[in-house]
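The values are calculated or read from the model by the stated rules, or taken from the named source; none is laboratory data. It should be emphasised that the depicted structure is a prediction, and the values quoted were computed from it without experimental measurement. Cβ sites come from the backbone with ideal geometry, for glycine too, and all protein chains shown count toward neighbours. With ligands, DNA and RNA removed, areas are computed over all heavy atoms of the protein, side chains included. Shrake-Rupley method; radii C 1.70, N 1.55, O 1.52, S 1.80 Å.
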Amino acid sequence: GVCDGHSRSLNSIPSGLTAGVKSLDLSNNEITYVGNRDLQRCVNLKTLRLRANEIHTVEEDSFFHLRSLEYLDLSYNCLPNLSSSWFRSLYVLKFLNLLGNLYKTLGETSLFSHLLNLRTLKVGNSNSFTEIREKDFAGLTFLEELEISAQNLQVYVPKSLTSIQNISHLVLHLKQPVLLLDILVDIVSSLDYLELRDTDLHTFHFSEASISEMNTSIKKLVFRNVQFTDESFVEVVKLFNYVSGILEVEFDDCTHDGIGDFRTLALDRIRYLGNVETLTIRKLHIPQFFLFYDLSSIYSLTGRVRRVTIENSKVFLVPCLLSQHLKSLEYLDLSENLMSEETLKNSACENAWPFLQTLVLRQNCLKSLEKTGELLLTLKSLTNLDISKNNFLSMPETCQWPGRMKQLNLSSTRIHSLTQCLPQTLEILDVSSNNLDSFSLLLPQLKELYISRNKLKTLPDASFLPVLSILRISRNIINTFSKEQLDSFQQLKTLDAGGNSFICSCDFLAFAQRQQALARVLADWPDDYRCDSPSHVQGQRVQDARLSLSECHRAAVVSAVCCALFLLLLLTGVLCHRLHGLWYMKMMWAWLQAKRKPRKAPRRDICYDAFVSYSERDSYWVENLMVQELEHFNPPFKLCLHKRDFVPGKWIIDNIIDSIEKSHKTIFVLSENFVKSEWCKYELDFSHFRLFDENNDAAILILLEPIDKKAIPQRFCKLRKIMNT
């Protein structure tokens, strides 16, 4: 339901918008016209932003169908007039911004009488808006925020703002203070928080008769980008006294065009700053600073102030006498100034700030931690000290601190180690954004430790922090932590360890993903906890990372692989036995042996007519009958017998191969004994190989006795074929 069309150079409202659109942003375009039909189908629209266009015309019924609209921004366009008809059906509108247009008044009739639910209203412009009339805000009874930009306001009709019974926050842009008191009289009893912006108070004069008898409700008064003189500052101080409800005053980015000479300006009749308890000054500019008085004439006004903030105003000294007058001060913030140890010595003098509990000296010019601690020993009530963003660089072995110190902020001070200098009474310690690589300091009362953005590799030892409940250790170089480490922190409720470079090991993932209670302890879990390694899960959330079985159970996988290999070898052995694998290996060996020899032996190397292969059990018939017949034949045949012609000492397999290759023929004397003989089988194997490889008929078979065909192994396919012939 969100349609974002800002900064698209559109010159009209896009067509085709439907009831499905709930939020429409068309700001920063070039739209000039809003017609009756442009938004008529957007009946469910709740937010409409048309800021910073060039709209000069809005037809009367342009917003008539937007009955669900809660947020409407028409600011910084070119609208010359405003019409109540635009808003008559916007019953649930809560936010309306009409700033920065060209209108001079808020219309001829009351614009906002139908907007009963309106809570934030912004009207006016910096140039042409000159009048506020009694009917302008009629119908409005309660506003959380009202902003009126009227730098050139010339006419304010009394009681124009009294119809609004309660305004939480009023922002007034007034160039001159001429009509300021008239406005203040109308709102002083219905306003909680007044903010005055961009005003030159050089001519401001407070009249006691205007407000002295009024029931005031203003609690906070803010001056933003306002210019004072010595005289007008005194008039503002008078205002504090007469508007008795003011508890907090703030000066932000203001300019004091004076020299601080209040001695002749009737301050002697003013004893205090009214009921003001909180004074805040930010970015105060004093052009004539080097002519400025010592402010001693206003010291007496500060006795009731409890909280003072003077930030980024080039303060380098708080005089001892002023510090002693601040008898009710509990909180002092001097951040982003020029305080050093030399000037702090004068500021924190004896009897200075007797009830001060919190002192903030962030981003000043402090350099010695030891000297800073000694200078603050006069502050007996001090419990909270912020000296962050100072350049201490190192920490001495021992220091002295006020006895009630509970909280210390040393973040961004460039320290690289912690020592016993830290107070043992600390309950909260912030050492974030330093160069620490370890934490081994015993702090028995510490409840909260902030040590993010350092170089720690592991969590601190829990024995040093027995009552720790909050640990923020994000953005370090921690790569893992375990259940045992977390359990050792017996009172730990919050752990922020995000943004570290976690090694997502199996143990770490198992711990992080299975511990349901971990999500209640870890801050920013799971989005801020991501894996840095292994590489295939880098960048993934720890909660989502998954490792393979082999990565998490290496011993089991190795054992399984070994068992599988053993079973494979066992199976291979069985198959080799059943499928004659050994024979195939022997044949491969024979083939390799044969390949090393010439394909056919030269004629001169053939020594025998035949090699006789027979079983030793058939030797009687072979040697006494067959050999005798053949060798005594005419002409005689020369036979090769293993008993007689094998070369002594030569490997028997080589003898067989050589004898077969040096013979014209090979005679096999087949019998049951032959089939059972291993060596006869080998001779038959090699001869069978020659039948295949050389395709010759060198084998002569003699069947000594009938042999069952099943007795001849299946692998001797050619032999079985010959037997069939």
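Only one of the numbered conditions (1) assigned to a loop (DSSP other than H, G, I, E, B); (2) assigned by the TED database to the domain that holds PHE95; (3) open to solvent by less than 20 Å² (accessible area, probe 1.4 Å) is not met by LEU153, and that is (3). Going by the conditions given, is SER85 outside any loop (DSSP other than H, G, I, E, B) and farther than 23 Å from SER149 by Cβ? Yes: the conditions hold for SER85. Among the residues of the range 155-184, those that are more than 45 Å from the chain's Cα centre (by Cα) and within 27 Å of ASP253 (Cβ to Cβ) comprise TYR156, LEU161, LYS175, GLN176, PRO177, VAL178, LEU179, LEU180, LEU181, ASP182, ILE183, LEU184.
Among the numbered conditions (1) in a loop (DSSP other than H, G, I, E, B); (2) touching a residue at least 24 places away in the same chain (Cβ under 8 Å); (3) polar (S, T, N, Q); (4) out of contact with any strand residue (DSSP E or B) (no Cβ under 6 Å at 6 or more places or on another chain), the only one that SER75 does not meet is (4).
LYS159 falls short on exactly one of the conditions (1) among the charged types (D, E, K, R); (2) open to solvent by less than 60 Å² (accessible area, probe 1.4 Å); (3) part of a loop (DSSP other than H, G, I, E, B), and that condition is (2). Just one residue in the set SER113, SER83 is in contact with a Gly (Cβ under 6 Å, 6 or more places away or on another chain), in the same structural domain as PHE142 (by the TED database) and polar (S, T, N, Q); that residue is SER113.
THR413 satisfies every condition listed in (1) open to solvent by 40 Å² or more (accessible area, probe 1.4 Å); (2) within 22 Å of ASN337 (Cβ to Cβ) except (1). Scanning the range 645-663 for residues that are touching a residue at least 40 places away in the same chain (Cβ under 8 Å) and within 11 Å of VAL612 (Cα to Cα) returns SER659, ILE660, SER663.
Using the structure shown, decide if GLY20 is out of contact with any Lys or Arg (no Cβ under 6 Å at 6 or more places or on another chain), farther than 18 Å from LEU116 by Cα and open to solvent by less than 20 Å² (accessible area, probe 1.4 Å). Against the criterion (out of contact with any Lys or Arg (no Cβ under 6 Å at 6 or more places or on another chain), farther than 18 Å from LEU116 by Cα and open to solvent by less than 20 Å² (accessible area, probe 1.4 Å)), GLY20 does not qualify. Only residues that are touching a residue at least 24 places away in the same chain (Cβ under 8 Å) and either within 13 Å of PHE481 (Cα to Cα) or open to solvent by less than 50 Å² (accessible area, probe 1.4 Å) (or both) were counted in the range 531-543, giving 5.
Residues that are assigned to a loop (DSSP other than H, G, I, E, B) and surrounded by 13 or more Cβ atoms within 10 Å (Cβ to Cβ) within the range 517-530 comprise ALA523, TRP525, PRO526, ASP528, TYR529, listed in sequence order. Taken together, the residues in the range 32-83 that are under 23 Å from SER9 (Cα atoms), of a type in the set (A, V, I, L, M) and in contact with a His (Cβ under 8 Å, 6 or more places away or on another chain) amount to 2.
Hey, any hits in the range 188-202 for a residue that's without any contact (Cβ under 8 Å) to a residue 60 or more places away in the chain and on the phi > 0 side of the Ramachandran plot? There is at least one residue in the range 188-202 that is without any contact (Cβ under 8 Å) to a residue 60 or more places away in the chain and on the phi > 0 side of the Ramachandran plot. Of all residues assigned to the range 177-199, none qualifies as being of a type outside the set (Val, Ile, Thr), open to solvent by less than 60 Å² (accessible area, probe 1.4 Å) and at pLDDT below 85. Going by the structure shown, is GLU30 under 40 Å from the mean Cα position of the chain (by Cα) and of a type in the set (Asp, Glu)? So GLU30 fits the description; yes.
For beta carbons closer than 6 Å, sequence separation of 6+ or different chains, a first residue in the range 351-371 that is closer than 12 Å to HIS325 by Cα and a second that is among the charged types (D, E, K, R) and at pLDDT 95 or above, the qualifying pairs are PHE355/GLU330. Could you list, in sequence order, the residues of the range 109-153 that are hydroxyl-bearing (Ser, Thr, Tyr) and over 46 Å from the mean Cα position of the chain (by Cα)? Within the range 109-153, THR109, SER110, SER113, SER128, THR130 qualify. When we screen LEU82, LEU106, LEU93 for residues that are free of Cβ contacts under 8 Å to residues at least 40 places away in the same chain and within 20 Å of SER23 (Cα to Cα), the only hit is LEU93.
When LEU74, LEU66, LEU96 are checked against the criterion of being modelled with pLDDT under 95 and not acidic (Asp, Glu), LEU66 stands alone in meeting it.
For (1) out of contact with any Phe, Trp or Tyr (no Cβ under 9 Å at 6 or more places or on another chain); (2) modelled with pLDDT under 95, each residue gets a yes or a no:
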| site | (1), (2) |
| --- | --- |
| ASP4 | yes, yes |
| SER12 | no, yes |
| ARG37 | yes, yes |
| GLU70 | no, no |
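So that you can scan it fast, the table gives a plain yes or no per residue for (1) modelled with pLDDT under 85; (2) touching a strand residue (DSSP E or B) at 6+ places or on another chain (Cβ under 8 Å); (3) open to solvent by 10 Å² or more (accessible area, probe 1.4 Å):
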site: SER232; (1), (2), (3): no, no, no
site: GLU250; (1), (2), (3): no, yes, yes
site: ILE259; (1), (2), (3): no, no, yes
site: ARG269; (1), (2), (3): yes, no, yes
site: ILE286; (1), (2), (3): no, yes, yes
site: ASP294; (1), (2), (3): yes, no, yes
site: SER300; (1), (2), (3): yes, no, yes
site: CYS320; (1), (2), (3): no, no, yes
site: GLU330; (1), (2), (3): no, yes, yes
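Take ASN435 and tell me if it is open to solvent by 50 Å² or more (accessible area, probe 1.4 Å), touching a His at 6+ places or on another chain (Cβ under 7 Å) and assigned to a loop (DSSP other than H, G, I, E, B). Taking the combined requirement at face value, the residue satisfies it. Cβ-Cβ distances below 8 Å connect the following pairs, each with a first residue in the range 609-634 that is at negative phi and in a loop (DSSP other than H, G, I, E, B), a second residue that is at pLDDT below 90 and open to solvent by 50 Å² or more (accessible area, probe 1.4 Å), and a separation of six or more residues or different chains: SER615/LYS676. Going residue by residue through the range 207-218, is there one that turns out to be small (Gly, Ala, Ser), open to solvent by less than 50 Å² (accessible area, probe 1.4 Å), outside any helix (DSSP H, G or I) and under 26 Å from LYS283 (Cα atoms)? Looking for residues that are small (Gly, Ala, Ser), open to solvent by less than 50 Å² (accessible area, probe 1.4 Å), outside any helix (DSSP H, G or I) and under 26 Å from LYS283 (Cα atoms), one finds none in the range 207-218, hence no.
The combined condition, being charged (D, E, K, R) and under 23 Å from HIS169 (Cβ atoms), is not fulfilled by GLU108. Close contacts from the range 1-17, counting a first residue that is assigned to a strand (DSSP E or B) and a second that is open to solvent by 60 Å² or more (accessible area, probe 1.4 Å), with Cβ to Cβ under 9 Å and a gap of 6+ residues or different chains, come to VAL2/LYS22; CYS3/LYS22. Screening the range 538-582 for residues that are modelled with pLDDT under 80 and not in a helix (DSSP H, G or I) and picking the one that is farthest from PHE508 (Cα to Cα) gives HIS580.
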